[in-house]
Amino acid sequence: MFDYHVHSTVSFDGHDSMLKCAQAARDKGFQEICFTEHHELGYPYEESKPYFDFDLYFSELKKARAAVPEIKIRAGVEAALIPGWLTRIADDLSGRGFDFVIASQHTALGQDPFFGDLFPGRTLRQAQEAYLSETLYDLKEFKGDYCVIAHLGYIDKYLDKCDLAPGDAPFQYKDFPDLLDEILLTAIRKGRGIEVNTSNYYIHGYPTPHPTIIKRFFELGGEVVTIGSDAHSADVIGHKFREARELLLSSGAKYICTFEEMKPTFVPLG
């Protein structure tokens, strides 16, 4: 098993050290994990602007690798893409020696759905479309390297902050087929893929992206896929991975990917 989306206290919102997370992963039977700490250059909320401390990151990574040699511990980063900052983000991450980079979308129109700011004055579908449109723009314009698109559907984790009308729900493939096809094909054509993020099981009972979007990814010829718990504490590493694996198999996946020096290894799911 491989968990390719883990946060430690190196991230501003992490709760456990890399060492504790690595020990928990080993004890749960994981062969490999990747620490993907938050890189939020240009984050629009000045009062809570996360900073990526590269020296701290690699120092803590070295300690965890030395203390838990039984598993592979990969160096990763979750790069939050923001229009107007894409060149600076790419430059800041270039040459850092990461094995794995996640391209994330945490904001749209300068607002983070986590705070509920994107929803007032818009229908849910309008807010979702704004999120997806900005995701597509950022993926097309970003010149830095990345491996997978993270949690495509991040906005829908925060529907409790939206005034929902009857029938409102997390988006599926059928709600934005053209836009989603463009996003998925932008990754596929570059040899990149998607992450199946299991943190959404807590909220909606399935991962992000929505299962219909995962299935469409493989219909379009996608191959690169990782599974990540998005754990911010050691106890939830690997959350719902068995269910995610079964979902991938039923969606047409044949492999799960691990990464070293930004190059994928395809591990048979069977």
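Among residues belonging to region 128-150 that are of a type in the set (A, V, I, L, M) and in contact with a strand residue (DSSP E or B) (Cβ under 7 Å, 6 or more places away or on another chain), point out the one that is surrounded by the fewest Cβ atoms within 10 Å (Cβ to Cβ).
If we filter region 128-150 for residues that are of a type in the set (A, V, I, L, M), which is where we start, we get 130, 132, 136, 139, 148-150.
Still in the list and also in contact with a strand residue (DSSP E or B) (Cβ under 7 Å, 6 or more places away or on another chain): 130, 139, 148-150.
Numbers: Ala130: 17, Leu139: 21, Val148: 26, Ile149: 25, Ala150: 28.
Per the stated criteria, the residue is Ala130.
Those residues that are hydrophobic (A, V, I, L, M, F, W, C), part of a loop (DSSP other than H, G, I, E, B) and closer than 22 Å to Glu260 by Cα, I need them from region 4-19; list them, please. Can you show your working first?
Within region 4-19, the first condition is being hydrophobic (A, V, I, L, M, F, W, C), and the residues that meet it are 6, 10, 12, 18-19.
Next cut, part of a loop (DSSP other than H, G, I, E, B) only: 10, 12.
Listed by number, the list holds a single entry, Val10.
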Cβ-Cβ under 6 Å pairs, at least 6 apart or on other chains, region 242-270 side in contact (Cβ under 8 Å) with a residue 40 or more places away in the chain, far side surrounded by 13 or more Cβ atoms within 10 Å (Cβ to Cβ) and among the polar types (S, T, N, Q): Ala244/Thr198; Cys257/Thr226
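Checking the conditions here, which among Val6, Val77, Val68 is modelled with pLDDT of 95 or more and either among the charged types (D, E, K, R) or farther than 18 Å from Val101 by Cβ (or both)?
On the way: Val6 fails: either among the charged types (D, E, K, R) or farther than 18 Å from Val101 by Cβ (or both); Val77 fails: either among the charged types (D, E, K, R) or farther than 18 Å from Val101 by Cβ (or both).
Just a single option satisfies the conditions, and that option is Val68.
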Meets criteria (acidic (Asp, Glu) and assigned to a helix (DSSP H, G or I)) for Asp145: no
Scan of region 103-127 for residues that are among the hydrophobic types (A, V, I, L, M, F, W, C) and either free of Cβ contacts under 8 Å to residues at least 12 places away in the same chain or surrounded by fewer than 20 Cβ atoms within 10 Å (Cβ to Cβ) (or both), ordered by number: Leu109, Phe114, Phe115
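For region 10-19, which residues satisfy the criterion of being more than 14 Å from Lys62 (Cα to Cα) and in contact (Cβ under 8 Å) with a residue 40 or more places away in the chain? Reasoning before the result, please.
To start, the set of residues in region 10-19 that are more than 14 Å from Lys62 (Cα to Cα) comprises 11-16.
Matches in region 10-19: Ser11, Asp13, Gly14, His15, Asp16.
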Lone qualifier among Leu56, Leu19 - being at pLDDT 95 or above, closer than 30 Å to Gly84 by Cα and more than 20 Å from the chain's Cα centre (by Cα): Leu56
Test for Asp55: is it buried (at least 18 other Cβ atoms within 10 Å of the Cβ) and either out of contact with any helix residue (DSSP H, G or I) (no Cβ under 6 Å at 6 or more places or on another chain) or farther than 18 Å from Glu141 by Cβ (or both): no
Odd one out for Gly97 among (1) under 20 Å from His5 (Cβ atoms); (2) buried (at least 22 other Cβ atoms within 10 Å of the Cβ); (3) not β-branched (Val, Ile, Thr): (2)
Phe35 being touching a residue at least 24 places away in the same chain (Cβ under 8 Å) and either β-branched (Val, Ile, Thr) or out of contact with any Lys or Arg (no Cβ under 7 Å at 6 or more places or on another chain) (or both): yes
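The values are calculated or read from the model by the stated rules, or taken from the named source; none is laboratory data. Keep in mind the model is a prediction, meaning the values are calculated, not measured. Cβ atoms come from the backbone with ideal geometry, glycine included; neighbour counts cover every protein chain shown.
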